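The values are calculated or read from the model by the stated rules, or taken from the named source; none is laboratory data. A quick note: this is a predicted structure, and the numbers were derived from the prediction, not measured. Don't worry about glycine lacking a Cβ; one is built from the backbone with ideal geometry, like all the others, and counts go over all protein chains shown. Note: accessible area is taken over every heavy atom of the protein model, side chains too, but ligands, DNA and RNA are not part of it. Shrake-Rupley method; radii C 1.70, N 1.55, O 1.52, S 1.80 Å.
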Amino acid sequence: MDTLTLLAAAFFLPLFPLSLVFNALLARVQQPLLRACLMLVWPQIGLTILAAQGVPISDWVVPWAIFTAALYGLRLLTVREMGIWTGLLATSTWALLWLLVADRDLPWVTLSLSLPLVLLVFVAAALTRRFGAAYGGLAANQVTGLPRLASVLTLGLLAATATPLFPGFAVLLHLLLVATLAHALAILSIWLLWSWAGMRLLQGFLVGSPPEQPLADIGLPALWVWSLLLLALLGAGVLLMEGWV
């Protein structure tokens, strides 16, 4: 693979430091629908570039990808604002796709990994409308008074951080089965960072007493849409495990 094509693909399947561009762009886009489209389209452009090239990547790209995923996994531990947090998790997740470039179903796998991130984008927007910001410390213990939103927030974070039986879990499990010992240990560490950061973020929203003055929860139509999306993701995760494990 020539250097120009590699850099172009690494721009859209973000590898550090090219990943800085995606996160800076995501931070400037405030409209939830545009942010969601960016989450869905950005990695697919990288996959299209790789598919058009049609040659294997160099072996040294894999350590670069694992380093990027680990770096952004560590950064997740320092962030409490959900919009920024979601962008960092997206970068960490998509970097690991470089370990799967030979898989012909990778566009669908990428979509299944991006959809939980899209869900978090809309959850962050719902939190911002109610509390002024989707910041874990600012809205601490208040989301408990919004049971529907709290449920979607919890399940969305679990889906995004590769909890069984969601697609991310199937992808990581597959990578562990085919990776070298050193790479497998690194992937397990990244998975631990995701889970740790997700629980820290969730704690900032849910731990504590309900608010004294109740706020409007999300409506039933939105709850049904998000619930169906989560069920579809569970089904996708099961199918991926059946095909890979």
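Please check which bits of the range 104-118 a label hung off Val41 would reach, taking the label as a point 7 Å along Cα-to-C-beta and the cut-off as backbone N under 17 Å.
Label zone hits: 111, 114-115, 118.
With Rg/Rh (Cα atoms, Kirkwood Rh) defined as stated, name the option among [x] 0.94; [y] 0.97; [z] 1.15 computed from the structure displayed.
[y]
Quick one: length gained pulling Arg28 to Trp224 fully straight, 0.36 nm per residue minus the C-alpha distance?
Working: separation 196, 0.36 × 196 = 70.56 nm, distance 2.99 nm.
Contour length minus the Cα-Cα distance gives 67.6 nm.
Quick one: if you stick a label point 7 Å off each Cα along the C-beta vector at Leu215 and Thr180, how many nm between them?
Calculated label separation equals 4.9 nm.
With runs of 4+ DSSP H residues as the only contributors, calculate the mean residue ellipticity of the chain at 222 nm using -39,500 (n - 2.57) per run, divided by the residue total and rounded to the nearest 500.
-24000 deg cm²/dmol
Find the percent of Cα-Cα distances in the range 21-125 that exceed 24 Å, and round it to a whole number.
Details: 1243 of 5460 pairs.
Percentage above 24 Å: 23.
Tabulate in residue order the Karplus-calculated ³J(HN,Hα) for the range 20-36, using 6.51 cos²θ - 1.76 cosθ + 1.60 with θ = phi - 60°, rounded to whole Hz; enter x for Gly and Pro.
Once θ is set to phi - 60°, the couplings for the range 20-36 become 4, 5, 4, 5, 5, 5, 4, 5, 7, 8, 9, 6, x, 5, 5, 4, 5 Hz.
Among 113-125, 24-36, how do they line up by average Cβ neighbours within 10 Å per residue, starting with the highest?
Ranking the peptides 113-125, 24-36 by packing returns 113-125, 24-36.
Figure the gain on full extension for Val238 and Ser58 (residue separation times 0.36 nm, minus the Cα-Cα span) and round it to one decimal in nm. Mind dumping the intermediate values first?
Numbers: separation 180, 0.36 × 180 = 64.80 nm, distance 3.11 nm.
Here the segment from Val238 to Ser58 would lengthen by 61.7 nm.
Keeping the other protein chains in place, figure out the carbon and sulfur percent of the accessible area of the chain, with a 1.4 Å probe.
Details: 7900 of 11220 Å².
Of all accessible area on the chain, carbon and sulfur atoms account for 70 percent.
Probe of 1.4 angstrom, ligands and nucleic acids ignored: what's the accessible area per residue over the range 39-93, in square angstrom?
Ligands and nucleic acids excluded, the figure is 40 Å² per residue.
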